[in-house]
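The values are calculated or read from the model by the stated rules, or taken from the named source; none is laboratory data. What you are looking at is a predicted structure, and each value in this text was computed from that prediction instead of being measured. Glycine also receives a Cβ, built like all others from the backbone with ideal geometry; neighbour counts cover every protein chain displayed.
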Amino acid sequence: MRASQIKVMLLATLAVMLLAGCEADGSSDSGRKKAAAPQTRSVDQDGDGVSDVLDNCPDMANAMQEDADADGVGDVCDEDRDGDGVDNGEDNCPLIANTDQADGDSDGLGDVCDMDADTDNDGVDDGIDNCPFLFNPDQGDVDGDGVGDLCDGDADNDGVDNINDNCQFTANVDQADEDLNGVGDACEGDRDGDGVDDSQDNCLTLPNPNQDDADLDGLGDVCDADLDGDAHDNDQDNCPLIANGDQQDSDGDGIGDLCDGGSGSMEDTDNDGEPDVSDNCPLVPNGNQTDSDGDGLGDVCDDDGFTCANHATYSPLTSATHNAKGGSLGGLGEPGICLGCSVDNPERMIDNNVDTFAQMNIGTALVYGGAYVRANAKDNSQNVAASHVGFVVTDTTSPLLNIEVLGNFITIRFYDNGNKVAERVVDGSLLDIDLLGIGANTNQRFLVTKAPGSFDSVSLSYAGAFNVNKAFRVHDVCYQPKP
């Protein structure tokens, strides 16, 4: 063999060895490209169905991508959810912006969300209660979206509603269930996702990592219908956190002696100057106690009717200062779905005539879809000087069937220069069924709430987890002038 041939063979062998070495240590071009490949749009580390590159909270499931303060950080992982510069843990009103943290009565609740009412009797003021119509003193909220687990249609925020979710409290968009036992793989062995194995958990259906059991009955407090073990269910107990079988209430204020000391103090829930024990409308301010029909119920909360135009305490919002509009809630970037939803004659709620009405029509609404009406100020520089605002409303009978599941949560919202400054849930229930008009409450009623310090426009919305074939009427918008 000639020397030139040997040289070529040696060079070829050396080249092969060099290439093999490059592939082995990952230094080839193809190796470098693979190592530097960008993250794909399909990566979804929190399993909420939204890829990380688009997710406003990639480490915590939030399929709906709620962002109350529009700062680009999802509510579930936003340390300042309302964007007022005060962190949630320190904010006396964490869901409604109030930079000044004003707290006129020094009760720890900011004025803009202090309602001085506790509808579900769970010890949490309605203004900050994450589930104001269901007893939940623990305020459990697994997904951190501001809606308590007990009334959250999608408790883990993975985009699958609780009814169909095989892991209600652990996000699992894929709903994988390898053994087909109805419990998703993501929560197998711990179905409520609270870190306590099912075999040891004293409440399998709701998360309770601390396993609190006040009455030591073996049933965790979060799912115990009689928390204090005194044989009175929480929603009927005048002292639900302390056992008082006799329900003694010496001062007649609706609070058991063990919870208020039976001191006979004259509590005034609505702050109208009239003690609750003698107030003919204890939850709605009416210092003059006007009772036109003499039935013992103040006009402002009498189902027989209320007309703000002819009332000494309240005045109507009218077309002289406001325009009216209405529409559906849900779809086109909004949470919820509402099919066949509309509002007829919204202008009639500000025509100063209680006999006319704007009507919200709800065909089928899901996941808090619904309808709304709103009175918009013609001049945003002119605020409404009001201490309280309310709506005169009626329900209508259904010609066929109306079903509501967590379905009639009625909310009043306040706006200043186009920005929402406060909201209050003023009515709601778990289940309402009206068949051929049977079961419907068609009496006129007045839904009222405390107004924020500054606002120019106000709306009322009717929404819920599930609504079918519902109509709701708004007759008047009323306000109580500031003293």
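Data table
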read-out: Criterion violated by residue 215 - all others in (1) modelled with pLDDT under 85; (2) closer than 20 Å to residue 143 by Cα satisfied; value: (2)
read-out: Selection count, region 186-225, where residues are of a type in the set (Val, Ile, Thr) and under 23 Å from the mean Cα position of the chain (by Cα); value: 2
read-out: Members of region 453-477 that are within 20 Å of the chain's Cα centre (by Cα) and either outside the structural domain of residue 416 (by TED's automatic domain parsing) or surrounded by 24 or more Cβ atoms within 10 Å (Cβ to Cβ) (or both); value: 458, 460, 462, 463, 464, 467
read-out: Search result, residues across region 38-73 that are in contact with a Pro (Cβ under 6 Å, 6 or more places away or on another chain), over 22 Å from residue 141 (Cβ atoms) and modelled with pLDDT under 80; value: none
read-out: Index of the failed condition, residue 173 passing every other in (1) in contact (Cβ under 8 Å) with a residue 12 or more places away in the chain; (2) within 23 Å of residue 130 (Cα to Cα); value: (2)
read-out: Verdict on residue 103 being over 19 Å from residue 157 (Cα atoms), without any contact (Cβ under 8 Å) to a residue 12 or more places away in the chain, of a type outside the set (Phe, Trp, Tyr) and in contact with a Leu (Cβ under 8 Å, 6 or more places away or on another chain); value: yes
read-out: Those residues of region 128-177 which are of a type in the set (A, V, I, L, M) and over 15 Å from the mean Cα position of the chain (by Cα), in sequence order; value: 160, 163, 171, 173, 176
read-out: Filtered residue count, region 145-157, keeping only those that are touching a helix residue (DSSP H, G or I) at 6+ places or on another chain (Cβ under 8 Å) and buried (at least 20 other Cβ atoms within 10 Å of the Cβ); value: 3
read-out: Residue among 389, 384, 393 that is surrounded by 17 or more Cβ atoms within 10 Å (Cβ to Cβ), modelled with pLDDT of 85 or more and outside any strand (DSSP E or B); value: 384
